[in-house]
Amino acid sequence: MDPTAEAVPQVVVRGPGASDGPATWAMGSLFERLVSGEDTAGAFDLSLITQPPGIATPLHVHTHEAEAFYVIEGTLTYRAGEQVHYLTAGSFIYLPAGVPHAFRITGTTPVRFLGMTAPAGLMNLYDEVGLPARERRLPGSDGRSIEDEIPRWNAVGPRYGLRVVGPPLSPEA
């Protein structure tokens with residue numbers, strides 16, 4: 001369903017450890033959808049995201065939506081525009097649409113954060129590129145490799161307003 005189509009917002013409740021919402025494996029990571037555009041009449045998507053150390057996005061721009069992240073546990077280095085930020089548990093970052101950004105998961109443990117996009121729709125990209133998660137865990141050999149995903153990101157991303165504009169952050173960033 002198109003998240004911007006005529007939809008009626010609905011009450012959504014997810015309890016601790018809830019497994020009734022959709023979950024996707026993409027980027028070697030777990031994306032657990034807490035609320036979607038279908039639930040919010042296209043206003044926003046919200047996901048609980050778990051990513052292992054070393055995952056790094058290329059420098060990219062979202063032309064359709066703003067993003068916000070609240071770090072629950074773990075650490076990551078985040079470039080937003082020309083500034084680099086070091087995020088830890090309790091950190092929050094908001095990125096208006098059009099701001100070039102990239103991040104790298106640092107440390108020795110996975111990072112868990114809440115990721116919101118507004119308006120809704122971007123999380124559908126992860127569903128198209130990734131695979132439905134068989135379990136609420138990071139993917140192993142049962143997931144799709146990053147090398148297999150890259151052509152999918154390149155093919156599908158532009159439909160979602162995703163433009164890659166530079167390389168990933170280096171581990172030294």
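The values are calculated or read from the model by the stated rules, or taken from the named source; none is laboratory data. A quick note: this is a predicted structure, and the numbers were derived from the prediction, not measured. Glycine gets a Cβ as well: all are built from the backbone with ideal geometry, and neighbour counts include every protein chain shown.
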Hits in region 158-173 (condition: part of a helix (DSSP H, G or I) and without any contact (Cβ under 8 Å) to a residue 40 or more places away in the chain): PRO158, ARG159
Whichever residue in region 87-131 is in a loop (DSSP other than H, G, I, E, B) and of a type in the set (Val, Ile, Thr) and, among such residues, is farthest from PRO151 (Cα to Cα): THR88
Pairs, first on the phi > 0 side of the Ramachandran plot in region 62-74, second in a strand (DSSP E or B) and modelled with pLDDT of 95 or more, C-beta under 6 Å, six or more apart: GLY74/VAL111
Complete set of residues in region 91-118 that are over 14 Å from the mean Cα position of the chain (by Cα) and under 18 Å from GLU65 (Cα atoms): PHE92, PRO96, ALA97, GLY98, VAL99, PRO100
Any chance GLY98 is over 15 Å from THR57 (Cβ atoms) and crowded, with 20+ Cβ neighbours inside 10 Å: no
Residue that is assigned to a loop (DSSP other than H, G, I, E, B), within 28 Å of ASP148 (Cα to Cα) and over 15 Å from the mean Cα position of the chain (by Cα), where the choices are GLY15, GLY21: GLY21
Subset of region 63-78 (residues that are over 15 Å from the mean Cα position of the chain (by Cα) and of a type in the set (D, E, K, R)): GLU73
Tally, over region 132-155, of residues that are part of a helix (DSSP H, G or I) and buried (at least 17 other Cβ atoms within 10 Å of the Cβ): 2
Test: residue in region 55-70 that is at pLDDT 95 or above, farther than 16 Å from MET116 by Cα and of a type in the set (Asp, Glu): no
Verdict on ASN124 being touching a strand residue (DSSP E or B) at 6+ places or on another chain (Cβ under 9 Å), free of Cβ contacts under 8 Å to residues at least 12 places away in the same chain and among the polar types (S, T, N, Q): no
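Residues checked against (1) of a type in the set (Gly, Ala, Ser); (2) loosely packed, with under 14 Cβ neighbours inside 10 Å:
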residue	(1), (2)
ALA68	yes, no
GLY74	yes, no
TYR86	no, yes
PHE92	no, yes
ALA102	yes, no
ILE105	no, no
